[in-house]
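Just below is one structure, and these are the notes that go with it.
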Amino acid sequence: MKNLKKKEKLMMQSFVQYTPTKVVFGKDTQKEAGKLVSELGITKVFLVYGGGSVIRSGLLDEIKKSLDEEHISYEELGGVKPNPRLSFARKGVEKAIAFGAELILAVGGGSAIDTAKGIAIGAANPGTDIWEFWKNKKELKKALPVGTVLTISAAGSEMSNSAVLTDEETQDKSGIGSDLIRPKFAIMNPKLTYTLPKYQLTCGIVDIFMHTIERYFTPVHGNELTDEIAEGLMRTLIRNAAKAYENQEDYDAMSEIMWCGSISHNGITGLGRPKDFLCHKLGHQLGAKFDEAHGATLSAVWGSWARYVYHLDEARFANYGRKVWNIDEENDEKTAVAAIEKTEEFFRSLHMPTCLGDMKMGVQPDEVLKEMAGKATAGDTMKVGAFQKMGEKELYEIYKKANHR
């Protein structure tokens, strides 16, 4: 903490809000996929999905039927994995180009959608490897349109302008952001999430929470409406997470969680202020190196990050404690500390990790922590975060704080 300086508080910044995704929410909405594609004047669709659950459940057949009814031809590619792979997206690009795809339709959660976005970029830019865009070696100027049928409430990619892929050869997990890859439509039927494994449900809840809280803790103050939206979303998520954990067929609870997921990452919870997303930087390294679930990597490091930085703005953490957790200790510092503890209790109530030792990777040797801190900061050549900009040394210290059982 001695190396961190008290930061200057900034006031609400200028912003541009652009959320063009058409949301079709409710029961049986997956049957409208063909109609939504047809409305865009598109006749050739490339379907992207993950494992066999969309096949076993009959969902994929329903979507194909809706495309057939609109006389839309399609090609498909299944097999997307969590921490979606660059190599798989490259394979999809080749198939989509050969097919002459006009739209990429993702059926699944964030991994399927992010893969679809990667394919949409590559298919619109034949001859250029998609990683060139991820690494800012090429400027992204065009992409095929993307549509989504959501089956997992988590990443918010169904309305976001971002996508994350992992280069498994170099263990590099990183993202790209562009309004060109915001989906044209998002089909959202909460009933499609009923059969998720419990671990996927809870990882998704954590991801939604973190997408909101990483926009909440920034240097910007005086942003009342954005704060109220973020605080209300977190309270809503907390209430309904408990209900959904007990009964995944609670339509109302699963609906609230699904809508929280979209709002958490479409930009509205962070208007007028920068994103921090330092915990995402930390978590991406854990996901890339150890193939840990994304939500779990975030809950494992957040408490360590929060304890490292909360002294920089105790009033902000205290406000979070009062507004989200209804905590009001005798002073800001005690309220801030209690809020951090309450957040970790929430993660643990969902059986999510709050340190590295809670995950399958376990406690790591010091050299691994240093390696990950270096990769997250491109060899200490860039600062990351917004609440407090940090380099390799600070990230290493946060990893160390989380490296226990």
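The values are calculated or read from the model by the stated rules, or taken from the named source; none is laboratory data. Owing to the predicted nature of the structure, the values given are computational and were not obtained by experimental measurement. Cβ sites come from the backbone with ideal geometry, for glycine too, and all protein chains shown count toward neighbours. With ligands, DNA and RNA removed, areas are computed over all heavy atoms of the protein, side chains included. Shrake-Rupley method; radii C 1.70, N 1.55, O 1.52, S 1.80 Å.
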Residue within region 211-222 that is over 18 Å from the mean Cα position of the chain (by Cα) and free of Cβ contacts under 8 Å to residues at least 12 places away in the same chain present:
no
Among T195, T202, the single one that is farther than 25 Å from L86 by Cα, of a type in the set (S, T, N, Q) and surrounded by fewer than 19 Cβ atoms within 10 Å (Cβ to Cβ) is T195
- [ ] Determine, yes or no, whether D366 is open to solvent by 70 Å² or more (accessible area, probe 1.4 Å) and either under 25 Å from the mean Cα position of the chain (by Cα) or not basic (K, R) (or both).
- [x] no
Taking region 382-398 and keeping residues open to solvent by 40 Å² or more (accessible area, probe 1.4 Å) and either closer than 16 Å to A306 by Cβ or at pLDDT below 95 (or both) leaves E397
Exercise for review: Report yes if G118 is out of contact with any Ser or Thr (no Cβ under 6 Å at 6 or more places or on another chain) and modelled with pLDDT under 95, otherwise no.
Suggested key: no
When region 227-249 is checked residue by residue, the ones that are under 22 Å from E345 (Cβ atoms) and of a type in the set (D, E) are E231, E246
Every listed condition ((1) part of a loop (DSSP other than H, G, I, E, B); (2) of a type outside the set (K, R); (3) out of contact with any Gly (no Cβ under 7 Å at 6 or more places or on another chain); (4) buried (at least 24 other Cβ atoms within 10 Å of the Cβ)) holds for G156 save (3)
Here, helices (runs of 4 or more DSSP H) confined to region 36-147 with at least 1 residues that are surrounded by fewer than 19 Cβ atoms within 10 Å (Cβ to Cβ) and of a type in the set (F, W, Y) are 86-99
Taking first residues from region 116-136 that are touching a residue at least 60 places away in the same chain (Cβ under 8 Å) and within 11 Å of L180 (Cβ to Cβ) and second residues anywhere that are assigned to a loop (DSSP other than H, G, I, E, B) and among the hydrophobic types (A, V, I, L, M, F, W, C), the pairs with Cβ under 6 Å that are 6 or more apart or on different chains are A120/A143; A120/L144; I121/A143
Of the residues in region 300-343 that are over 22 Å from I205 (Cβ atoms) and among the acidic types (D, E), the one that is surrounded by the fewest Cβ atoms within 10 Å (Cβ to Cβ) is E330
